[in-house]
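Presented below is the structure to which this report refers.
The values are calculated or read from the model by the stated rules, or taken from the named source; none is laboratory data. From a predicted model like this one, the values you see are computed outputs, not experimental measurements. Here the Cβ positions follow ideal geometry from the backbone for every residue, glycine too, while neighbour counts run over all protein chains shown. These area figures cover heavy atoms from the full protein model, side chains too; ligands, DNA and RNA do not enter into them. Shrake-Rupley method; radii C 1.70, N 1.55, O 1.52, S 1.80 Å.
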Amino acid sequence: MTEDATLTVPILELDHAAKSYGAVRALREGTLALCAGEVRALVGENGAGKSTLVKLLAGVERLDAGVMRVDGEDVDFHSPAAARAAGIAVIYQEPTLFPDLSVAENIAMGRHPLRAGRRIDRGVMRRDAQALLDQLGVRLNASRPVRGLSIADQQIVEIAKALSFEARVLIMDEPTAALSGPEVERLFTVVRALQQRGAAVLFISHRLEEVFSICDTATVMRDGAVVHDARIADMTPDDMVRRMVGRDLGALFPKEDTTVGEPVLVAHRLTRENVFTDISFTLHSGEIVALAGLVGAGRSEVARAVFGIDRLDAGHVEVEGRRLPNGRPAAAMAAGIGLVPEDRRQQGLVMDLSITRNVTLTVLRRLSRLGLMRRGSERRVAAEWAERLQLRHHTLDGPVRFLSGGNQQKVVLAKWLARTPKVLMVDEPTRGIDVGTKAEVHRLLSRLAAEGLAVLMVSSELPEVLGMADRVLVMHEGRLTAELSRDEADEETVMRAATGQTHEAAA
Amino acid sequence: MSRNSLAPGADTAPAPDGGSGAGRGPLARLASAAGRWEFLILLLIIATCVAGQAISPQFLSRASFMTGSLDFTEVALMALPLTLIIITAEIDLSVASVLALSSALMAWLWMHDVPMVPTVLLCLVAGALCGLFNGLLVTKGGLPSLAVTIGTLALFRGLAYVVIGDQSVTDFPTAWTDWGFGMVGTSILPNTIAVFAVLAVIFAVLLHGSRFGRSIYAIGANQEAAYFSGIKVKRIKLILFVISGVVSALAGVIISLRNSTAAANVGQGFELTAIAAVVLGGVSIFGGRGTVGGVVLALFLLAAIQKALSLSESISTAWIQVVTGALLIGSVLGPNLVSRMNEARARARMRGDAQARPPTTSQEEAV
């Protein structure tokens, strides 16, 4: 790790920070320093620990271990307000402003200038706000309401708000994700202006070309740890991608070799406006197809639309040659599709109901006669699947709320497997579950594919994608940018396609 | 309450036969039942009976049982579909207005020489249409049922007045009105309560034993997950509102026969008593939990309290409302405490379990 410019004390420093959520170690080793006038990139795959690190800096979460320092002094932020008081501001991807208040009121929120009698001095408030916006070199009227401003303009308002309480550290969490080209340019102008004023900026982005054009230094994270810290001038984009993904694959992913069978599901030019466009693919029985890409690329949305949760604006899905009606989950299920959704707690399970009730929720018809449930069959089905998936539970009558994340995911899988589907779509099947259960889930998927199931796996974890998939589809901003065979797919081809550098990935 | 049992699912797996207690001894099952909300209500009923007897020796008489239960028939009927609706986390405030509209329609049809059987059937159809209207606004319109049914609460009551104005009809055939306050055979069971009993059994089976009921609980506990499981959430809600309309209309017919009077102003405020009974019966107003059995017990409790207080000469009838209100607050507080206790116990048990059984190692775990 290079340590230059050590003459100045960093404004903000994180030293060997760690943070766990239950059994999941989201951040194992976070070391990072931000100096005045520095623009530092924070890069890494989804799930590498960037968000956790930001939450610590922003005072949203507290450190389990390690030290945080501001101007060389140890600090412990109990709340976001404490971080703000220390001069740290976070600009999120989606600004959180009051749409019905004016720009000036939003900037002054909580610290309105007052006149005699504790009345708000609107004149001063507006003048101060306008002065800040002008300093940033943007043309925005401080008196207009926030409603109707573009995301880019709202971010500028957030930055002005941060400056108004003299923030010295600005953390920008994927600020450019929703911006157009010229808007990005204007944001960069503002960032440079901040740099001139002596602020430190932590810039998080998946777009490497942006990182290379605006940042001075970079911190690369992987698997919850900072793995590289260098000046941008000393790195190449390829180098950076390699450091983001480089790790041993293999052993964790027991992919069984399968013979790919007949096509089961065909997606024809699926389009949902402003979400995804022109997505076509075919799933064959016996194969695992991964749908890779960055968060927000539209992968989960494709799976939801295939299942009928969301309606398609154009295109259609065929299962074994029969066209599915648009927007009808029950019809998709009848055709043999299952969906293990991304949000286990909200969409996958009814947390207050028992394991039995959850497992049998998808097979009520089969377990009833003349509309009446056969309790014995209900219990038998639940017990059978609990056994087959090695569910660790106390009683099948206890609410699933009390199970660990991994066991909850097994219940979700059980409820779909109980239908013996032909196509199973799994959205982030191992997110937030411990390593042991993760391997069990992988083995299970692999085994099911070997038995002839067609699996579509949405995953943000590259090792999972590369270790499990027979074929990898990559999405970038709502479009398919690559289809890679198991041999073609590696960290770099997938990451390139996922970040939109398609010309190189089209193998 | 008992210390040694309480299955964690006792308040969430609401099988009246205590599915969670299967395989354990009768004592354990009894103790498990004692931890349930329904048991508390039962105790309160007994307490009310003791107090009622102290207030007036007439309380435990045949006559008082008959009048007391008769007066509660309509509220009790409406509480049944309402139980199901509230378990799906929706509400129907228009039930008493549908009852009034049904009564008014019955009067109008009878005045226009329509025979009794088609009259009753048309009233039920009108109730179904009212329920359909509510249901469509909630499911297709995507509007909150609270707002929709506050609206139709006024709308349907208004329609009742449009139909017959301030008039009332009292000349229904005596064969029908006699049935309205008659008993089953020579027993002390009023005919109308027998109708309620039959419907209560049907609703209990529907909620606790049928596919439809399983879906109702899933929708109430997590509508999104239910939808993701292929449950036709909207259709089920629509059906429930229609059922609620039909049963409310039936209650309208029954109250008209029982009083030998059909008018637009009957049943004012009944919807609140019905909701009070449902909530007092342990149904969560946020949906997802509750039993028909609990609601039936709560109806008995409310009827007993009303009867006891009305028999007393020294206690003002205004106290009926005070007591009902206090019970309601207690009923919201009570299940909360019970379930919190159960949860703490279950959690402690799960924790002990996790320690006792270390995670199995990976090799032999092929599925």
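A simple charge model with +1 on the Cβ of Lys and Arg, -1 on the Cβ of Asp and Glu and nothing else charged puts the dipole of the range A:12-245 at about 920 debye relative to its Cα centre. Which one, B:Ser102, B:Ile193, A:His268, projects farthest toward the positive side of the charge dipole computed for the protein assembly as shown from Cβ point charges (K/R +1, D/E -1)? After comparing all options, I get B:Ile193. Where the centroid of each part is defined by its Cα atoms, how far is the range A:360-420 from the range A:92-124 in Å? After rounding, the separation between the Cα centres reads 53 Å. Placing unit charges on each Cβ (+1 for Lys and Arg, -1 for Asp and Glu) gives the range B:76-290 a dipole about its Cα centre, and among B:Ile150, B:Leu77, B:Ile285 the Cα reaching farthest toward its positive end belongs to B:Ile285. Can you figure out the FRET efficiency of A:Val67 with A:Ala233, using R₀ = 35 Å and their beta-carbon distance, to the nearest 0.05? Rounded to the nearest 0.05, the efficiency is 0.75.
For the range A:26-39, putting each phi into the Karplus relation 6.51 cos²θ - 1.76 cosθ + 1.60 with θ = phi - 60° gives couplings of 6, 9, 9, 8, x, 10, 6, 10, 10, 9, 4, x, 9, 10 Hz, in residue order, rounded to whole numbers and with x for Gly and Pro. Using the Cβ-Cβ distance between B:Asp178 and B:Ile285 with R0 = 41 Å, the FRET efficiency computed as 1/(1 + (r/R0)^6) comes to roughly 0.55. The simple Förster model, with R0 at 56 Å and r as the Cβ-Cβ distance, assigns B:Glu224 and B:Asp71 a FRET efficiency of 0.85.
Taking a sphere under 11 Å around the Cβ of A:Val9 and counting the other residues whose Cβ falls inside, with K and R at +1 and D and E at -1, yields a net charge of -2. Working ranking of peptides B:258-266, B:311-319 by packing, defined as the average number of other Cβ atoms within 10 Å per residue, highest first, is B:258-266, B:311-319. Between A:Tyr21 and A:Ile120, the contour length at 0.36 nm per residue exceeds the Cα-Cα span by 31.4 nm.
As a test of the formula, what do you get for chain A when each DSSP H run with n ≥ 4 contributes -39,500 (n - 2.57) and the sum is divided by the residue count, at 222 nm and rounded to the nearest 500 deg cm²/dmol?
Value at 222 nm, helices only, nearest 500: -9000 deg cm²/dmol.
For the residues of A:344-352, the average number of beta carbons from a partner chain within 10 Å of their own beta carbon is 6. First select every other residue whose beta carbon is under 13 angstrom from the beta carbon of B:Val98; then total the charges, Lys and Arg +1, Asp and Glu -1. Net local charge, B:Val98 excluded: -2. With K and R counted +1 and D and E -1, the other residues having a Cβ less than 12 Å from that of A:Asp71 yield a net charge of -1. The DSSP beta bridges internal to the range A:12-245 are antiparallel in roughly 55% of cases.
Summed over both chains, the contact between B and A buries some 3900 Å² of accessible surface at a probe radius of 1.4 Å.
Taking Cα centre as origin and charging only the Cβ of basic (Lys, Arg, +1) and acidic (Asp, Glu, -1) residues, the dipole magnitude of chain A rounds to 2560 debye.
Peptide A:389-396 has a mean of 5 when you count, residue by residue, the C-beta atoms of other protein chains within 10 Å of its C-beta.
The modelled label-to-label distance for the pair A:Met109/A:Leu372, using points 7 Å beyond Cα in the direction of Cβ, is 5.8 nm. Listed peptides A:128-134, B:324-330, B:247-253 appear in the order B:247-253, A:128-134, B:324-330 once ranked by packing, highest mean of other Cβ atoms within 10 Å at the front. When only the Cβ of Lys, Arg, Asp and Glu is charged (+1, +1, -1, -1), the dipole of the range A:349-419 relative to its Cα centre reaches about 280 debye.
Of all DSSP-defined beta bridges confined to the protein assembly as shown, some 55% are antiparallel rather than parallel. Pairs from the list A:Lys415/B:Lys140; A:Lys55/A:Lys161; A:Lys415/B:Lys237; A:Lys422/B:Lys140; A:Lys422/B:Lys232; A:Lys415/B:Lys234 with a Cα-Cα gap above 27 Å: A:Lys415/B:Lys140; A:Lys422/B:Lys140. Between A:Glu488 and A:Ala331, the modelled labels are 3.3 nm apart [label points 7 Å from Cα along Cα→Cβ]. Taken residue by residue and averaged, Cβ atoms of other chains lying within 10 Å of the Cβ of A:368-374 number 4.
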